[in-house]
Structure formats: C-alpha cells, structure tokens
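S.K.: Take this structure first; my questions come after.
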Amino acid sequence: MFDMLLQGAGLVASLSTLALVGAGLIIGLLVGALPGLGPLMGIILLLPYAITFPPVQAMGFLIAIYVGGSCGGAISAILLRIPGTPLAAATLFDGYPMAQNGRAADAIGIAISASALGGAFGGLILILFSPSLAAFAAGFGPPEYALLAITGLTAIAAVSDQSMLKGLIAGTAGLLLATAGTDEFTAAERFTFGLFELSDGFNIVAIVVGLFAISEMSNLLTGDDLLERPNLAIARPGFRTVMLVLTRWPNLLRSSTIGACVGALPGAGGVISSFTAYAVAKTFAKSEERYGEGAEGGIVASESANNATAGGALVPTLALGIPGDAATAVLIGVLLILGIFPGPTLFAQHSDIVGGIFLVYMLANIALFVVGILMTPLFVYVLRLRKVVLIPTVLLMCAIGTYAVGSSVFDLWVMFAFGLVGLVLRAGGYPLAPMVIGVILGPLLENNVRRTLLLSHDGLRIFVERPVSATLLFINVALLLCVAFFTLRRLFAERQSALVEEKA
Amino acid sequence: MNFKSIFAASVLATSLIGVPAMAEYPDRTIESILPAGAGPALSVSQIIADAMGKELGVPMTVLATPGAGGIKAFQTALQKPGDGYTIIDGYVAPLVLQPILKKAEWNFDDFIPLHAAASNAFAIGWRTDETRWSNFEEMMAWGKANPGKLRYSSGQRNNLPHLVMAKVLQSYQVVAQNVPYKSPPAANNDVKSGILDFAFVNVGNYKQDPDALKIGLVLSEQASAKAAFGGAPSIADIDADLGISGLAPMGWDWWLVKKDTPPERVETLRAAMGKAMKDPDVRAKIERIGFVPLDWDHTEYDKIVSGVRDQLSTMADAIKWEEDALKALK
C-alpha cells in the first residue's frame, strides 16, 4: 500500500497538479453552488480539457471538481434555501435556519469543514479498505438494493417534522412521479403522454430546482422589502469552524462511514447517504440540539456523508471498473480515453497511477478546506444583495443550470411546473424533501424489487436467504420500530407537558 | 445623431458582424448526440469528436442522452435544426432495431451519413467457478433440461444483445428468463455473485477486468471480435447455424445528420470525420478500448445498413418467441 502511495507521490508532486486541483475545486464549488449544475455537469463540461493532461493530473482536476461540487450545493442551501445540487437537500434543514439566525458564515464554514473531513475520511477508507469494500459491494444484488432503498425511505420520518402524515404523502407522490418514463421490464411507456422528453422520466435536477428554488423565489417576491439592502453584518468565517465540527466527532465518524459505505455501492449515491446520515444523527441527538432549527450537527451529518460518498464511489470505480455513480462513470470514461482500464488489472499494472489517484483525492479534500474557507466571504456577500437583484439572478442561474443538463427546453417547463407544485405544497404545510427522496429512491426500489422477483421466480424467501439482505431487513424493521417508539414517546411527552401547563 | 440614424448604424453593424459569421461554417460548438450514457461508447465518441473538432477548428461535445433504447437521443436530435451543428451518433439499436420492433417511426435512409465510426462485439459470459457446464453447448443442454430456470441479462430489454441472445436461445430451443439491468457492469456483477446464470459482456467492460467472467461465446464470427475477447470461442466455432453474420450481431454506429442539412456543410463534416477516422492516433485510442474503427465512408452506408436491417428483421421474432415460451411455462 505504502509503495503504491510512494510511487503515486512522484506523479502528484508538481506545481501543475496543485494548480489543477485548486482550479478544479473552485470550478466544483461554483457548479455545486449554482442551482441546477452539479459535480456531474462540471466534470462533463471540463472533460475535453482534462483529457489533454496525463492521467493523474486529469483525474486530479476532475476529482477536485467532484469533491468541490459535492460540497458547493450546501452554500446555496444555507444562504438561499435552495440546494445547489440534490446532494445538499438535507443540508438546508439546519443550514438555512442557522443563516437566518445570523450565523451564515459559521454554517458555511461547518459545511466546508465537515465536507473536507468527511471526504478525507472517505479517502482513508478508499486507501485502506479498497479491496475488501469492493468485495462487500460485489455481494450487493437486487434484493439488497431493494432493502437499501427502503432504509433510505425511512429518512422521510426524520425530515417531516411538523406532520409525519404530510411527509408520507409527499414521499408517496415522489415515488409515483418516479414511475413516469420507459418501464425497464416491459419497455412500455408509462405516464409519458406521448412526449418523448418523458421517455426517460422526469429530470431530477429540474424537479429539485423547481420545488426549492422557484417556490423560494416566489416566496421572497411576496415580501415588501424588495428594494432594501439587507443590513447584515457579515461575520468573518474562520478556520475555527473546524473545531465546531471536530467536537462532534461521533456524528462525523458515523456519517462519514455511512457515506463511504453507501458510496461504495454502485447505483446508490450521495442523496441517499446524506438523508440517511441526517436521519440517524437526528435519532441519536439530544432534544436540546433542536434539529431542523439550526443544529450544527445536522449540517455535519449531511455534508460529511455526501462528501465521504465521493471517496466511497471511487472504490468500485477503481477496484472493479464499476462506476459508483454517474460522475464516476464519466471518470471511468476519461481513464479509458487516456488508455487506462480501471479494475483489478489497474492495481497490478499501474499501481503508481492508483496511488496517484488516491493522493490527488486526499489533496482535493485538504484543499477544499483551505479554498472553501477563503472563498466563504465571497459567497456570504450574496446575502447582502437586494432582493430585486437577487431574485432574477437566481432564477436565471436556475434556468441555465437546468437547461445545461440535457440541452432541453422541456426540462425548463418541468422546472417551472414543479415550482408551482412547490408553492402549493408549502402553502399546505407539506415538507418538500420527502418528495425528492421518493423520486430518487423510486426507481431503485421498484426496479430492484421486480428484478428480485424475476430472479427468485416470484419467491420472497430470497430476501431472508441471503445474509446481507437478511441483515438489511432486520435493520429496516429495527429502524421502523425506533421511529414508532420515538414518535410515541414525543407525543406522550407533549401530552404530559400540556397537562402540566393546564394544571398550572 | 437622431434615433433613425442610430437604428440604421446598428443594423449596418449587425449585418457586418453577421455576414462573415454566416459565411464561415462552423463558427460555434458542434454537438454529437449519443444514444447511451457514460461508458465505453461515450469514450469512443469523445475520441472521434475531439479529433473532428480539431479538424473543424471548433469544439465538439458529446451529449450523452440515454433512455428508451436510444430513441430519446434520436428524437432530441431530430428536434434540433438541420444546420450542421447537431450530429446524430447513429447507433444500430435506435437506427435499425427500434424501427424493426415498431418502436420508432424513422428509417435508416431518413438520415444523411457522414462516415462509419466504430464497431464493438458482444459475448456471453458466466462465472469463473461455474460447475454446471464448461462450454456453451453444455450450458444449452442444461438449459434445455431445465426450461425457464436459466436467468440471464442483456442489459436493457429489446436492445441488440437481447435480440441476438434470444435468437441464439431460440436456435437451441432453450427457454430462459431475461432480467433487465440498467447498466451492464451491474449485471456482470450479479453473474459473478451467482444471482444470474450468464450475461452479455461488451468488449469495453471485458477489457476492464478480463478475469471477472469466463467468456463462453463471442457473438460474432469475425476474427477481430474473437481476438478482442482474448481468443474465446465464437459462433464460428460452434456447430449450429444461427443465421447471423457480419455486422448484424455487433454494436456499431454511423454518424449522421438530418436530411435538410445544407450539402456544403455535410461535405465539411464528412471531410473532417473521414480525416479523423484515418488518423492513426485516433484509431489506436479506439482500439485500446476494444472497439474496431470502421473505414466505410458515406457511399457504402445504404448497402451495409440495409444488409444488417434485412438480417435483423428475420431475427425480430426471437424476443416474441422468448416471451411466449416463458408464458407457456407459467
């Protein structure tokens, strides 16, 4: 292992690699923060430029975009209540209230520190456990993915505070929305209304941007302070935010582990890991931490998880040649263009390149911390913009970002329509995040349940016969029991305190 | 200066900027729309696009548009103007197979060909520690003795590997259950872990990890395909006549533009692509991924593609046969 890293160090140690990683991070933070664009889009846009470099430098540049992009979405989530990427949808629960309480710089600082530390933790897992984690991931088949999707769905309970029922309704609506498109199993079109643009279903970016951004901007429009310059004192963010994160080390380690493990599973991804980590953190939290109202731990959980996912996703990518998510699929493509085949042969034949990629990933996370903290004042400046400038600018960015994903005008209409849906949901007090969870987990759940039934010739025993699947089933049952227990306990406590107040 | 003269000056200025821009094609990014997601095919398209972009002096990007067996990409491209700034990466499935399956309304001669791009062979692979059979004929014998028990994946449904594999199974009268997967590597992983019995392996994925699966049968009789899969047995080595030859059982693409594209722009693109495909560096890069660069220019398009269409048409009932046979078993 150390030989590999030592050989790789020779490929990494150059000024141009450092410059490329730095440039990649800044691009990543920007594409992440702009609603619509995300790490995947950043990587695709810069791919033609990256392939002009040697493999390790090209990967350093693109991995830095990946790392920066996985964190950048938090910035707009915290400042504007708009997740720049679906990855940051769980960050806004606590990030936005924290910013509203005048702690925007701290919130961003925590998000960046947690991302960097979570990402570095994911990197350590990548370096130390790559082969065994790849073997663990290889044992995941359709029954396990189906149960994992259910684990993800339990996060809905954690993110629908006001009303569990409304959360479940929004989540179910998300699951239903995910059924639109071509059915993988019969090749039949479902709910496409003859529109070819819907043949691959709704674009998730258009849904997220519409639900959060359009409805949030419409909300801002109703205020009577459009022309006023917000009188905010911009606190200087400091490197001390890292201490705020480190004091929550159990949360950080737990969330990063969830992130890295989910990342190692091809097809899962950062959205599932950030919501799951958030839900777990909230379950373990003390009630005085007030999750959902600006708890630092909430940001730590979701941001460390989604960046650790990036490290985890590199495990099957490099060790097996199986992409962990869409962004790593493009990274594989870049390696192929450069004449390098990721997979076991890469470890045997080009251990220097593997070592180099491990190192640039770690370097990108360390640099994320420095570059991110230094750039924070620039981001926080957004809060001082007058709404009359801010609203059209954000809407324009949303439109550009959503259009860029598939060069599709139809996606802009989808975004607009979901903006209206978002407005209606907000007016009725329905949480928006469960819908996103539903849309993302819907295909994972449906396709894997159906695949499992085809494989087992319609038997259900396969779910308990396979050890990993049985374990996941047990965890799911335990999680549901926990949710029921904590909900009942809270209701009971509320009733008790109401009774005490009445008596008083 | 009154308003009228400002207007006149601005019209003049616009026309001065506009004239040279109109005269010189291309003057902005050209997009090639690929009917697939990220994977080896995207890498091959990117290599060709980069070389063409250098010839043309403008950037060329590849827009990966997966969905609906490639139909979404074609429809997306057809919505764009035929101005030479959109190229359709005409992969065989949406170009020939989907119209045969009545899933698409176009015909291959509804497009103007630029040049053939690359072909890639498919193979059937099973787990390396498989004990039930040691070669393809034995697997077919096992499948015949256990109807409906074999579970395989061709990646997505109704794609070219599905048609070819169903045709092979039909030739042996073996009824097997096709389990669709969105990504071929995930299916290969499930073969490795023993959930699936066999799956199609594309040459790009094979090259990434040659020892992951045992390659049991290369679905092409061409020597280059056999060599690409490390000399594994191919359909030329088995006794049965499957009625598939040439390009028919393989993946290939031909870059196309819409019918109403101005002829001089078509010529510019053809010249650039022809040059790119002859570039030894481009060819070496494509071959390294396991694909075979194709030499045919536009003059051979009709003959070659119609030949493939005729062969695939005769195979089209294989998928239907598979569905009916499975239903009959239940």
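The values are calculated or read from the model by the stated rules, or taken from the named source; none is laboratory data. In this text, all values refer to a predicted model and were calculated from it rather than measured experimentally. Neighbour counts run over all protein chains shown; Cβ positions are idealised from the backbone, glycine included. Remember, those area values only see protein heavy atoms, side chains included, never the ligands or the DNA or RNA. Shrake-Rupley method; radii C 1.70, N 1.55, O 1.52, S 1.80 Å.
S.K.: Roughly how many whole Å is it from the C-alpha centroid of the range A:326-388 to that of the range A:460-504?
M.R.: Cα centroid of the range A:326-388 versus Cα centroid of the range A:460-504: 39 Å apart.
S.K.: Kindly work out what percent of the DSSP beta bridges joining two residues of the protein assembly as shown are antiparallel, to the nearest 5.
M.R.: Expressed as a percentage, antiparallel bridges in the protein assembly as shown total about 65.
S.K.: Let me confirm one metric for peptide A:118-131, namely the mean number of other chain beta-carbon atoms within 10 Å of its residues' beta-carbons.
M.R.: 0
S.K.: Rg over Rh of the range A:378-435, using C-alpha atoms and the Kirkwood radius, what does it come to?
M.R.: Rounded to two decimals, Rg over Rh is 1.05.
S.K.: Using the structure shown, list the pairs from B:Lys182/B:Lys320; B:Lys80/B:Lys259; B:Lys54/B:Lys207; B:Lys80/B:Lys103; B:Lys54/B:Lys275; B:Lys167/B:Lys207 with a Cα-Cα distance above 18 Å, or answer none.
M.R.: B:Lys182/B:Lys320; B:Lys54/B:Lys207; B:Lys80/B:Lys103; B:Lys167/B:Lys207, as the Cα separations exceed 18 Å there.
S.K.: Let me know the mean shielding of B:79-88 by other chains, meaning the per-residue number of their Cβ atoms within 10 Å of its Cβ.
M.R.: 1
S.K.: Run the reach check for B:Lys226 against aspartates and glutamates, Cα to Cα strictly under 18 Å, same-chain hits fewer than 8 apart removed. What comes back?
M.R.: B:Glu137, B:Asp209, B:Asp211, B:Asp237, B:Asp239, B:Asp241, B:Glu287
S.K.: Going from most exposed to least, what order do B:Asp83, A:Asp200 have by accessible area with a 1.4 Å probe?
M.R.: Most to least solvent-accessible, the answer reads A:Asp200, B:Asp83.
S.K.: Can you tell me the equivalent ellipsoid semi-axes for the range A:62-176? Use √(5λ) from the Cα gyration tensor, largest first, whole Å.
M.R.: 27, 24, 11
S.K.: Name the residue from B:Gly148, B:Gln173, B:Ala36 whose Cα lies farthest towards the positive end of the charge dipole of chain B, charges +1 on Cβ of Lys and Arg and -1 on Cβ of Asp and Glu.
M.R.: Positive-end residue among those listed: B:Gly148.
S.K.: Further question on the same structure: Which value, in nm² and rounded to one decimal, describes the direction-averaged projected area of the C-alpha convex hull of the range A:329-386?
M.R.: Reported value for the Cα convex hull: 6.0 nm².
S.K.: Further, regarding this structure: Plugging the Kirkwood radius over Cα pairs into Stokes-Einstein for chain B, at a temperature of 4 °C and a viscosity of 1.567 mPa s, what D comes out in µm²/s?
M.R.: 61
S.K.: Hey, how much of the P(r) for the range A:305-454 falls beyond 20 Å, as a percent of Cα pairs?
M.R.: Summing the P(r) of the range A:305-454 above 20 Å gives 71 percent of all pairs.
S.K.: Also: Can you give me the P(r) profile for the range B:130-229? Cα pairs, bins 5 angstrom wide beginning at 0, each as a whole percent.
M.R.: Once binned at 5 Å, the Cα pair distances of the range B:130-229 give 2, 13, 24, 27, 22, 10, 1.
S.K.: Return the whole-Å distance between the Cα centroid of the range B:207-273 and the Cα centroid of the range A:63-95.
M.R.: 42
S.K.: Once you charge only the Cβ atoms, +1 for Lys and Arg and -1 for Asp and Glu, what is the size of the charge dipole of the protein assembly as shown about its Cα centre, to the nearest 20 debye?
M.R.: Here the size comes out at about 1740 debye.
S.K.: With the Cα gyration tensor of the range B:226-330 giving a ≥ b ≥ c as the square roots of its eigenvalues, does the rule (a/c under 1.5 for rounded; else a/b larger than b/c for prolate; else oblate) give rounded, prolate or oblate?
M.R.: oblate
S.K.: Next question. Rounded to whole Hz and in sequence order, give me ³J(HN,Hα) for the range A:95-101 from the Karplus expression 6.51 cos²θ - 1.76 cosθ + 1.60, θ = phi - 60°, writing x for Gly and Pro.
M.R.: x, 5, x, 5, 5, 5, 7
S.K.: Under a 5 Å amide H to amide H cut-off, with H placed in plane at 1.01 Å, what residues pair with A:Arg190 once short-range neighbours are removed?
M.R.: Here A:Gly181, A:Thr182, A:Asp183 satisfy the definition.
S.K.: Also, quick follow-up: Bins of 5 Å, beginning at zero and ending with the bin holding the largest distance: percent of Cα pairs per bin for the range B:188-253, please.
M.R.: Percent of Cα pairs in each bin: 3, 16, 27, 24, 17, 10, 2.
S.K.: If one takes the accessible area of chain A alone plus chain B alone and subtracts that of the pair, with a 1.4 Å probe, what total in Å², rounded to the nearest 100, results?
M.R.: 3500
S.K.: If you wrap a convex hull around the alpha carbons of the range A:417-504, what volume per residue comes out, as a whole number of Å³?
M.R.: It comes to 145 Å³ per residue, whole-number rounded.
S.K.: Follow-up. Round to the nearest 10 and report in Å² the accessible area of B:His298, as given by a 1.4 Å probe over the protein chains' heavy atoms.
M.R.: Roughly 60 Å² of B:His298 is accessible to a 1.4 Å probe.
S.K.: Further question on the same structure: What are the radius of gyration and Dmax of the range B:32-139, computed over its Cα atoms and given in Å?
M.R.: Answer for the range B:32-139, Rg first and Dmax second: 17.5, 57 Å.
S.K.: Given contacts defined as C-alpha pairs under 8 Å and at least six residues apart, what's the relative contact order of chain B, whole-number percent?
M.R.: 25
S.K.: Nearest 5 is fine: what % of DSSP beta bridges in chain B come out antiparallel, could you say?
M.R.: DSSP beta bridges in chain B are roughly 65 percent antiparallel.
S.K.: Cα-Cα pairs above 26 Å in the range A:246-361: how many percent?
M.R.: 30
S.K.: Let me ask something else about it. Given the rule -39500 (n - 2.57) for each run of at least 4 DSSP H residues, summed and divided by the residues of the protein assembly as shown, what is its mean residue ellipticity at 222 nm, to the nearest 500 deg cm²/dmol?
M.R.: Calculated mean residue ellipticity at 222 nm is -20000 deg cm²/dmol.
S.K.: Could you work out the Kirkwood radius for the range A:134-208, taking every pair of different alpha carbons, averaging 1/r and inverting it, reported in Å?
M.R.: 14.7
S.K.: Something else: Taking 8 Å as the Cα distance limit and 6 or more residues as the minimum spacing, I'd like the relative contact order of the range B:22-111 as a percentage.
M.R.: Reported relative contact order: 33 percent.
S.K.: What's the whole-number percent of alpha carbon pairs in the range A:107-258 lying beyond 24 angstrom?
M.R.: In whole percent, the long-distance tail amounts to 64.
S.K.: Please name which of A:Ile26, A:Thr376, A:Thr328 has its Cα lying farthest along the dipole of the protein assembly as shown towards the positive end, using unit charges on Cβ (Lys, Arg +1; Asp, Glu -1) and the Cα centre as origin.
M.R.: My answer, from the dipole projection, is A:Thr376.
S.K.: Taking chain B as a Gaussian network, Cα atoms linked when under 10 Å apart, which of B:Gly84, B:Gly143, B:Gly230 shows the biggest mean-square fluctuation?
M.R.: B:Gly230
S.K.: Partner chain Cβ atoms within 10 Å, averaged over the residues of B:61-69 - can you pull that number for me?
M.R.: Rounded to a whole number, the mean comes out at 5.
S.K.: Hey, any idea what the orientation-averaged projected area of the convex hull of the range A:1-149's Cα atoms comes to, in nm²?
M.R.: Average of the hull's projected areas for the range A:1-149 equals 10.7 nm².
S.K.: If ligands, DNA and RNA are left out, what is the accessible area of A:Met375 with a 1.4 Å probe, given in Å² to the nearest 10?
M.R.: Only protein atoms counted, so the area is about 30 Å².
S.K.: Under 5 Å between amide hydrogens, which residues at least 5 positions from B:Gly90 or on another chain qualify, with H placed 1.01 Å from N in the peptide plane?
M.R.: Result for B:Gly90 returns B:Trp254, B:Trp255, B:Leu256.
S.K.: Roughly how many percent of the accessible protein surface of chain A is carbon and sulfur, given a 1.4 Å probe and a whole-percent answer?
M.R.: 70
S.K.: Continuing with this model, one more query. Return an integer: the convex hull volume of the alpha-carbon atoms of the range A:177-322, in Å³ per residue.
M.R.: Spread over its residues, the Cα hull of the range A:177-322 gives 205 Å³ apiece.
S.K.: Show which aspartates and glutamates lie in cross-link reach of A:Lys166 when reach means a straight Cα distance below 13 angstrom and same-chain residues fewer than eight apart are skipped.
M.R.: none
S.K.: Relative contact order of chain A, please, whole-number percent, based on alpha carbon pairs below 8 angstrom and at least 6 residues apart.
M.R.: Taking the mean separation of contacting Cα pairs over the length of chain A, I get 28 percent.
S.K.: Now for a separate question. Which order do peptides B:147-159, B:53-65 fall in by mean Cβ count within 10 Å, highest first?
M.R.: Highest-to-lowest ranking by the protection proxy: B:147-159, B:53-65.
S.K.: Let me ask something else. Mean projection of the alpha-carbon convex hull of chain A over all orientations, in nm²?
M.R.: Mean projected area of the Cα convex hull: 24.9 nm².
S.K.: Using the alpha-carbon centroid of each, what span in Å lies between the range B:294-330 and the range A:125-177?
M.R.: Using only Cα atoms, the two centres lie 39 Å from each other.
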